[in-house]
Each structure stands twice: as C-alpha cells, then as structure tokens.
Amino acid sequence: MNIVFVSNYYNHHQHPLSQELFKLCHGEFTFVATSEMRADRKALGYVQDSAPDYVLRAHTSEETKKLCLKRILDADVVLAGSAPEEYFNARRKAGKLILRYAERPLKTKTPFWRAVPRYLRWHIRNPRQKPIYLLAASAYAPYDFSRYGVFRDRAFRWGYFPQAKHYDDVDQLLEKKNAQKILWAGRHLDWKRPDDAVFVAQELKKKSIPFRMEIIGTGPMTDSLKRQIEEAGLCDCVTLLGSMPPENVRAHMEEAGIYLFTSNRQEGWGAVLNEALNSGCAVVASRAIGSAPFLLSDRENGILYPSNDRKALCRAVEELLTDLTLQKRLGQRGYRTVTEEWNPQNAANRLFRLCETLLSGQDPLSLFAAGPCSPAPVLKDETP
C-alpha cells in the first residue's frame, strides 16, 4: 500500500507515527510538508534535527511541489492534515480515498453569518458520494462537522501519537516519583489557562497542604504569572522554569506525581496528555480538551473536570495529594493507556487495517470497538 501524509510541517509529534507507517508500507510512504515551520514552534523544540528521506518539502520549489502533487494523486491513501486544499483537489475529483486528519474546526464561537459559506465549503470539499472520511484528532471534531452535515457515520477516533516510552519497571518509575510535585507545561496563553494552576497553588497553601509546583513554558502571560505568584506569596512553592526541549519536559513528567492540563476548548488535541500519561502521572484534565475524552475515563486512568471550574480542579488535586493510593493507581492505568493502546505502533497498525478495509469496500465501522480507528461518537462540548 502506498500512503501519502500531507500536513503543514514535519515535527516530533508526527515522526513516530510516520516511522511506523513507513515500515508497514515497506517504504512506499511519503510525508509532504507544505509550509515552513512557524518561529514559535521552532522555539518550542518542534524542529527535527534531520528529516527522513521520505519527507518532501513542497514549499521549497515548484519542481518539488509538482512531484508532491503527483504522489498525492497516485497514492492508494492520502492522510490530509492541515494543508491548502489545492493539494487534494485532483484526488477528490478522481474519487480516490482521502482521510481528513483534523482537530475540531470550531474552537471558538463564531458569528452566525459565517455558517453558510462554511457549509458550502465543507460540502464541496467533502461530498458524500466520494470516499472521504474523518480521522478525528479531537473528541469534539465529529460534533462540529456534523452540525454542517459532513462526516456523519464517517468519523474515526484518532489523535497525535508522540513517542511512547516503555519502562523496564513502571512500578519503579512510580515509586521514584515525588508525590507532592505538581507539573504544568505549555505556552503561557490565556486559553491554556496557566493561571488556573497558580490558583490551585494558592488554595493548597491556604490549607497548608504540602506541595511543589513547576510551570514550564513561556508566552504572553509569563509576566502576569510572575506577578501573581509573587503577590500570593508562592515563590517558595511555585517555580517558573521557562521553555525547554521536549525531552527535558518528559524528564520533569517522570518526576511529577500529578500533571495539570487546564486548557479550554481551543486545545484541539494536546499531545502533552499522551506524554504525561506515558510518564505515569496522575492527570487532572479539563473535559474541553480535544484529547481528554478519548484518552481518559474519569477516575479510571485520570480525573476529568468541567472546563473553567476552578473549584472542581482544586478538589481533584487535593484528593490526589492526600490519597497517594489513588494517585499511584491512576498513574499506572494512564501508563497502560498509552503503552497498550494510544501509541504510534498500535495506531499505525490499526490505520493500515482501516485503509485496507475501506479500499476493499468492506464495512469499517465494525473493525474496532474502542481506541484509535474505532467509530468516533458525536460528542457535544458542554463548555458555555
């Protein structure tokens, strides 16, 4: 099978899955990058030191772009990520299989007047009579698209699949963790809500509950976070660590007992959730995050709380700090969620089977009951 994966750029989140697909395709795999990586992404360490030979950068020359367009048209399967629609027009007209790799499109509330042009655009790009399906890289993507009548009964659970580490002894990893250490990592943006983490710290200190909090990253809110920490007298228990390479973030996750993921609905997926679970953290995550309903079952392998509900967030963190048995159990189960199901190897194998099923004209909805490539439910985001 010949698979072409098209996206804006190649990064460390796409690399593990691409490597697995390259193996399954016996080298008949191409990753087409359509644009130069943004400076803010480079600053976060998204740049690959050396891209594999299967990566073609369409934006570097007209000749390379023509080669990419030919490979996209000729492939058995195309994974259509974030890229200009011109790359898929010829393939769509030819009626060839396209799997749209997409986060939720309606991350913010938009004016009603935009609904009609969006409806027309989405139906033109995804006509029902063509073999075009959705790989939902957000639990809320099927609902957003279904509101406009597209991808109904054609959506599958999907996501991002960063490297999954397998530890020789996960119990040993958990025993070495600092059960009082709370970690938050990401860009300091209002919709990621890093100030919620600081609010948690304030509440814990008021109640004299022992803890240490580390906040990784930088961004527009960094200065205000510093002021908030200083004014609340939290300098002895909350540390801003700044930006660091992804592998260093993982090292901090391996030390932390608790990981906070506080974003609102603008967090399309959130690969740090994969990484925190894989690192054995007991995760407390907002329900509005795209990856949360796919990866987490409340109180089974993590704790979910209503987005923007700071009191619920605080209650969950307090419980994990005082019930270390629960903290360890969630860490163990979160680790298994990634190593047994939501990892690049399993995702690639399931995707390959899904593609074979679609190409042969068989029913794809009965392949998998849960996890990657299983039918994605139409899940409404209850965030106000």
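Please work out the FRET efficiency for the pair Glu340 and Lys206, using the Cβ-Cβ distance as r and a Förster radius of 35 Å; give the result to the nearest 0.05. Show your work: numbers first, answer last.
Numbers: r = 40 Å, r/R0 = 1.13.
Step by step, r from the Cβ atoms, then E = 0.30.
The label point for Asp53 and the one for Phe368, both projected 7 Å from the Cα toward the Cβ, are 3.0 nm apart.
Scoring 83-96, 335-348 by mean Cβ neighbours within 10 Å over their residues and listing the highest first yields 335-348, 83-96.
Take the alpha carbon gyration tensor of region 248-383, find the square roots of its eigenvalues, order them as a ≥ b ≥ c, and report rounded if a/c is under 1.5; if not, report prolate when a/b exceeds b/c, else oblate.
Numbers: a/c = 2.39, a/b = 1.69, b/c = 1.42.
Prolate is the answer for region 248-383, as a/c is 1.5 or above and a/b outweighs b/c.
Distance from the Cα centroid of region 215-294 to that of region 84-149 is 31 Å (rounded to whole angstrom).
What ranking, highest mean first, results for peptides 369-379, 166-176 when packing means the other Cβ atoms within 10 Å averaged over each residue?
For the peptides 369-379, 166-176, the packing ranking is 369-379, 166-176.
Specify which residue in the list Ala136, Gln362, Gly242 is farthest towards the positive end of the charge dipole of the chain, using unit charges on the beta carbon of Lys, Arg (+1) and Asp, Glu (-1), about the Cα centre. Result: Gln362. Estimated purely from DSSP H runs of n ≥ 4, each contributing -39500 (n - 2.57), the mean residue ellipticity at 222 nm for the chain is -11500 deg cm²/dmol once divided by its residues. Using R0 = 30 Å, the C-beta based FRET efficiency linking Asn349 and Ser35 works out to 0.55. When region 170-340 is described by a simple charge dipole with +1 on each Lys and Arg Cβ and -1 on each Asp and Glu Cβ, the residue from Thr322, Met213, Leu173 located farthest towards its positive end is Thr322. Which pairs, out of Lys176/Lys207; Lys70/Lys109; Lys65/Lys165; Lys177/Lys311, put more than 31 Å between their alpha-carbon atoms? Long pairs (Cα-Cα over 31 Å): Lys70/Lys109; Lys65/Lys165. Hydrodynamic estimate: the Kirkwood radius of region 97-163 over Cα pairs, inserted into Stokes-Einstein at 4 °C and 1.567 mPa s, corresponds to D of 104 µm²/s.
Set the Förster radius R0 to 22 Å, insert the Cβ-Cβ distance between Lys176 and Thr325 as r into 1/(1 + (r/R0)^6), and round the FRET efficiency to 0.05. If you can, show how the numbers build up before the last one.
Details: r = 17 Å, r/R0 = 0.77.
Computed FRET efficiency for Lys176 and Thr325 comes out at 0.85.
Modelled label positions at Asp168 and Arg310, each set 7 Å beyond Cα in the direction of Cβ, lie 4.5 nm from each other. Please work out whether region 313-384 counts as rounded, prolate or oblate from its C-alpha gyration tensor, where a ≥ b ≥ c are the square roots of the eigenvalues and a/c under 1.5 means rounded, while otherwise a/b larger than b/c means prolate and anything else oblate? Since a/c reaches 1.5 but b/c is at least a/b, the shape of region 313-384 is classed as oblate. Just need log10 I(q)/I(0) for region 192-231 at q = 0.22, 0.35 Å⁻¹, Debye formula, equal scatterers on the alpha-carbon atoms, no solvent, rounded to two decimals. Log-scaled intensity ratios, in q order: -0.72, -1.34.
Would you mind classifying region 170-340 by shape? Square roots of the alpha carbon gyration tensor eigenvalues, ordered a ≥ b ≥ c; an a/c under 1.5 is rounded, otherwise it is prolate if a/b is larger than b/c and oblate if not.
Numbers: a/c = 1.40, a/b = 1.24, b/c = 1.13.
Because its axes are fairly even, with a/c under 1.5, region 170-340 counts as rounded.
Which value in Å does the Kirkwood hydrodynamic radius of the chain take, with 1/r averaged over all unlike C-alpha pairs and then inverted?
Working: mean 1/r = 0.0460 Å⁻¹.
Result for the chain stands at 21.7 Å.
In this simple spin-label approximation, His26 and Thr60 carry label points 7 Å from Cα along the Cα→Cβ vector, and these lie 2.8 nm apart.
For the chain, the dipole from Cβ point charges (+1 on Lys and Arg, -1 on Asp and Glu) about the Cα centre works out to 1440 debye, to the nearest 20.
Ranking Tyr335, Asn89, Gln163 by how far each Cα lies toward the positive end of the dipole of the chain (charges on Cβ) leaves Asn89 at the top. With neighbour counts taken as other beta-carbon atoms within 10 Å, the residues Trp158, Trp113 rank, fewest first, as Trp113, Trp158. Subtracting the Cα-Cα distance of Trp191 and Asp223 from their residue separation scaled by 0.36 nm leaves 9.9 nm.
Would you work out the Kirkwood radius for region 49-189? I mean one over the mean of 1/r across all pairs of different Cα atoms, in Å. Show your work: numbers first, answer last.
Values: mean 1/r = 0.0541 Å⁻¹.
Mean inverse Cα-Cα distance, inverted, gives 18.5 Å.
Rounding to the nearest 10 and keeping the result within 0 to 90°, find how far the Cα-based axis of helix 194-206 lies from the longest principal axis of the chain. In the chain, helix 194-206 runs at an angle near 20 degrees to the longest axis.
Each of Ser279, Ser297, Ser263 was scored by other Cβ atoms within 10 Å of its Cβ. Listed from fewest to most, they are Ser297, Ser263, Ser279. Remark: the Met1-Lys380 segment gains 132.9 nm on full extension, using 0.36 nm per residue and subtracting the alpha carbon distance.
The angle between the Cα long axis of helix 222-231 and the main principal axis of the chain comes to about 20°, on a 0 to 90 degree scale. Taken over region 247-299, the alpha-carbon convex hull comes to 70 cubic angstrom per residue.
Coordinate-derived values only; no laboratory data. What you see is a predicted model, and the numbers here were worked out from it, not measured in a lab. With ideal geometry, Cβ positions are generated from the backbone for all residues, glycine too; neighbour counts draw on all protein chains shown.
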